[in-house]
Amino acid sequence: MPEAYERHLVPVLFRPFAADLAARAAALRPGRVLELAAGTGALTSALLTAMPAASVVASDLNETMVAAGSARAPRADWRRADAQRLPFEDGAFDLVVCQFGVMFFPDRPGAYAEVRRVLAPHGRFLFNSWGPLASHGFDAAFQAALEQSVPGAAPAFLREVPHGYTDRSSVASDLAAAGLGLSAVEDVTLAGVAESAASVATGFLTGTPVGAALEARQDAQAVRSAVARRMTESLGPGPVTAAMTATVYTAHHRA
């Protein structure tokens with residue numbers, strides 16, 4: 001899964017936003033940085049480039065992702081860590097940053113409380129989450145192709161998880177419950193460029209939980225082929241470009 005995720009999805013969906021988030025992080029001039037849900041290191045690499053003098057700890061719950069990320073961004077200190085039980089001292093970091101990870105936290109207020117605990121009093125929590133499914137050209141095209149290929153039985157992972165945390169008031173409420181307040185909120189729309197729509201489909205089908213959900217089907221291979229074909233019909237052959245929208249949040253200790 002990490003290999004497929006890195007090969008087909010990271011350059012298209014995540015690297016553009018990693019550059020944006022790393023630039024925002026650098027503007028805060030932190031000395032000690034903790035990254036949550038670092039995955040295979042797309043943001044980690046961007047942070048190391050944007051802030052060469054900063055100390056960066058990259059963490060992820062998944063041991064396989066930690067192994068993959070540490071190979072790609074070895075200058076960071078990689079740790080396996082549960083965002084809801086962080087193994088770090090109080091006030092240890094000037095900045096906690098998370099790219100497209102908060103949607104996966106089972107207990108977001110609990111995770112945010114841990115963020116608050118490990119943040120220095122002047123520290124900031126910088127993170128982003130995907131906007132509504134319809135605002136993401138690749139994800140919307142994939143989900144539509146999936147639903148057409150398995151009517152009534154399509155996994156709802158994209159709609160419910162990556163694109164399931166889009167309400168700003170809910171995010172603000174979860175942060176407030178953890179003792180954090182919002183400093184800034186901004187929608188950002190960037191372009192993703194893929195070698196083909198079929199490549200992106202392959203990434204979703206082999207590098208995300210969607211693939212595991214389809215694996216038990218006897219017609220799994222036929223479904224995968226149908227999804228790739230329909231996604232290509234929707235976005236076009238060859239290199240394809242689509243707009244993708246995310247919301248960037250900056251939070252701080254509440255007084």
Place +1 on the Cβ of every Lys and Arg and -1 on the Cβ of every Asp and Glu in the chain, take the dipole about the Cα centre, and give the residue among Leu13, Ala27, Ala83 whose Cα lies farthest towards its positive end. Ala27
Filtering GluC sites (Glu not before Pro) in the stretch 60-118 by DSSP loop and by at most 16 other Cβ atoms within 10 Å leaves Glu89
For the stretch 43-158 the mean separation of alpha carbon contacts under 8 Å (6+ apart) over residue count, i.e. relative contact order in percent, is 19 percent
D for the stretch 109-225, whole µm²/s, Stokes-Einstein with Kirkwood Rh over alpha-carbon pairs at 20 °C and 1.002 mPa s: what number? 129 µm²/s
Can you give the local net charge around Leu36? Use residues other than it whose beta-carbon is closer than 11 angstrom to its beta-carbon, Lys and Arg +1, Asp and Glu -1. -3
Please list 3J(HN,Hα) in residue order for the stretch 86-96, calculated via the Karplus relation 6.51 cos²θ - 1.76 cosθ + 1.60 where θ = phi - 60°; whole Hz, with x for glycine and proline. 6, x, 10, 6, 4, x, 7, 10, 7, 8, 10
Enter the Cα centre distance for the pair the stretch 1-44 and the stretch 166-211, rounded to the nearest angstrom. 12 Å
Please figure out what share of the DSSP beta bridges in the chain is antiparallel and state it in percent, rounded to the nearest 5. 55 percent
Please compute, over every Cα-Cα pair in the stretch 20-68, the percentage with a separation greater than 17 angstrom. 28 percent
Quick one: putting +1 on the C-beta of Lys and Arg, -1 on the C-beta of Asp and Glu, what dipole do you get for the chain around its Cα centre, in Debye to the nearest 20? 320 debye
Comparing Phe88, Phe204, Phe142, which has the greatest mean-square fluctuation in the GNM of the chain with Cα pairs linked when under 10 Å apart? Phe88
To the nearest 0.05, the calculated FRET efficiency linking Val185 and Ala222 through their beta-carbon distance, R0 being 41 Å, is 0.40
Would you mind telling me the share, in percent, of accessible area of the stretch 126-185 contributed by carbon and sulfur at probe 1.4 angstrom? 52 percent
Heavy-atom accessible area per residue - the chain, 1.4 Å, Å²: 42 Å²
From the Cα gyration tensor of the stretch 2-84, with a ≥ b ≥ c the square roots of its eigenvalues, which class applies: rounded if a/c is under 1.5, or else prolate if a/b is larger than b/c, or else oblate? oblate
Kirkwood Rh for the chain from C-alpha pairs, in Å, is 18.6 Å
Inter-part distance where the stretch 91-121 and the stretch 60-89 are each reduced to a Cα centre, Å: 14 Å
With +1 at each Lys and Arg Cβ and -1 at each Asp and Glu Cβ, the charge dipole magnitude of the stretch 49-195 around its Cα centre, to the nearest 20 debye, comes out at 240 debye
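The values are calculated or read from the model by the stated rules, or taken from the named source; none is laboratory data. None of these values were measured; they are calculated from a predicted model. Every residue, glycine as well, gets a Cβ built from its backbone with ideal geometry; the counts of neighbours run over all protein chains shown. Areas reflect the complete protein model, heavy atoms only, side chains present, ligands, DNA and RNA absent. Shrake-Rupley method; radii C 1.70, N 1.55, O 1.52, S 1.80 Å.
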